[in-house]
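See below for the structure under consideration.
The values are calculated or read from the model by the stated rules, or taken from the named source; none is laboratory data. Small disclaimer: the values here were computed from a predicted structure and weren't measured. Cβ sites come from the backbone with ideal geometry, for glycine too, and all protein chains shown count toward neighbours. Heads up: the accessible areas ignore ligands, DNA and RNA and are worked out on the full protein's heavy atoms, side chains in. Shrake-Rupley method; radii C 1.70, N 1.55, O 1.52, S 1.80 Å.
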Amino acid sequence: ARCHDHKFDPIPTKDYYSLYGVFASSTEPAEKPLLGTTPDPKDNEAYQAEHKKLEQKLEDFRLAEVRKQQADIRKHTGDYLKTAVDTKAMSDRGAANKLIQERKLERDVVEAWVKYLDTLMQKHDPVFSPWAQLAALPADGFADKAKPVLEALGKDGAKPVHPLIVNAFRGRTITSLKDVAERYNETFASLEKKFQDAEMDAKKKNTAAPTGLPDAQENELRNVLLATTSPSYVAPEKYDILLDGARPKLRELRADIDRLDAVHPGAPARAMALVDKD
């Protein structure tokens, strides 16, 4: 019915979209309306305690998954840089989106990098200007043209380059923009691994979780991607884009809460309801 009318189908396309319009413009409220009946206070107290525990379990999983996906975005900084360049050169947006999907990247983050890289043409950035310079080189004869750019990294006092970015390319053979992307990937992945190792160590020792890396240069570079101005930063209102792979587990945890609401004798009676979306 969504595609076209069939001779014997009970629902024609017109009816399908009439119904679809209702549901597409409606949402289930997070808290359904109370029906007015009062459960036993003792039962309700037990329900509230269990409900709070399940809600916390859901939220803990959600935030852990968000943190995991955000770290993964930072680990693949080079892939995002390369894909931003590749997709900007494509006139077919469908093909660009397909490329992003094939590389298993977040489209919103790729688009943020495209915009950010455009600004690098007007200003110097100690972390990403080397990328902008190398990305501007033609693919033909890339290795020879990249050599003077790489040799000059960190030598211009007026345009400083972060020492860890300079180190990432020192003594390395760079033959293509893909090689440059890999150097950025390895650099930021290394920082994330060090931070995650520090987190695990603190957990084992039952000490306070780390807030950063002990090495000042490493911490400074990692913080570049943590800043709210970074293309890699995903704001809380966009966390849903990070949770696609976790949907089954999230549904399972939400179902536990719904089950409690439906069967616990202390749960307040609520009406099934939909409300209009904004």
Mind checking which helices (runs of 4 or more DSSP H) fall wholly inside segment 111-197 and carry at least 1 residues that are touching a strand residue (DSSP E or B) at 6+ places or on another chain (Cβ under 8 Å)? none
Only one of Leu81, Leu105 is at pLDDT 95 or above, open to solvent by less than 30 Å² (accessible area, probe 1.4 Å), under 29 Å from Leu164 (Cβ atoms) and outside any helix (DSSP H, G or I); which? Leu105
Can Leu99 be described as among the hydrophobic types (A, V, I, L, M, F, W, C), part of a helix (DSSP H, G or I) and either in contact with a Phe, Trp or Tyr (Cβ under 6 Å, 6 or more places away or on another chain) or open to solvent by 30 Å² or more (accessible area, probe 1.4 Å) (or both)? yes
May I ask you to list the residues in segment 227-256 that are in contact with a Phe, Trp or Tyr (Cβ under 7 Å, 6 or more places away or on another chain) and without any contact (Cβ under 8 Å) to a residue 60 or more places away in the chain? Ala227
Report yes if some residue within segment 221-239 is of a type outside the set (A, V, I, L, M, F, W, C), in a helix (DSSP H, G or I), farther than 15 Å from Glu65 by Cα and open to solvent by less than 70 Å² (accessible area, probe 1.4 Å); otherwise report no. yes
If Asp244 passes every condition in (1) closer than 30 Å to Thr27 by Cβ; (2) open to solvent by 70 Å² or more (accessible area, probe 1.4 Å); (3) within 20 Å of the chain's Cα centre (by Cα); (4) at pLDDT 95 or above but one, which one does it miss? (4)
So, in segment 1-58, of the ones that are open to solvent by 70 Å² or more (accessible area, probe 1.4 Å), in a loop (DSSP other than H, G, I, E, B) and among the acidic types (Asp, Glu), which residue ends up nearest to Val263 (Cα to Cα)? Asp40
Quick one: in segment 248-258, which of the residues that are under 18 Å from the mean Cα position of the chain (by Cα) and surrounded by 12 or more Cβ atoms within 10 Å (Cβ to Cβ) is farthest from Glu31 (Cα to Cα)? Lys249
Considering only segment 205-220, state which residues are in a helix (DSSP H, G or I) and either surrounded by fewer than 16 Cβ atoms within 10 Å (Cβ to Cβ) or touching a His at 6+ places or on another chain (Cβ under 7 Å) (or both). Lys205, Ala216, Gln217
Can you work out which of the residues in segment 119-163 that are at pLDDT 90 or above and acidic (Asp, Glu) is nearest to the chain's Cα centre (by Cα)? Asp125
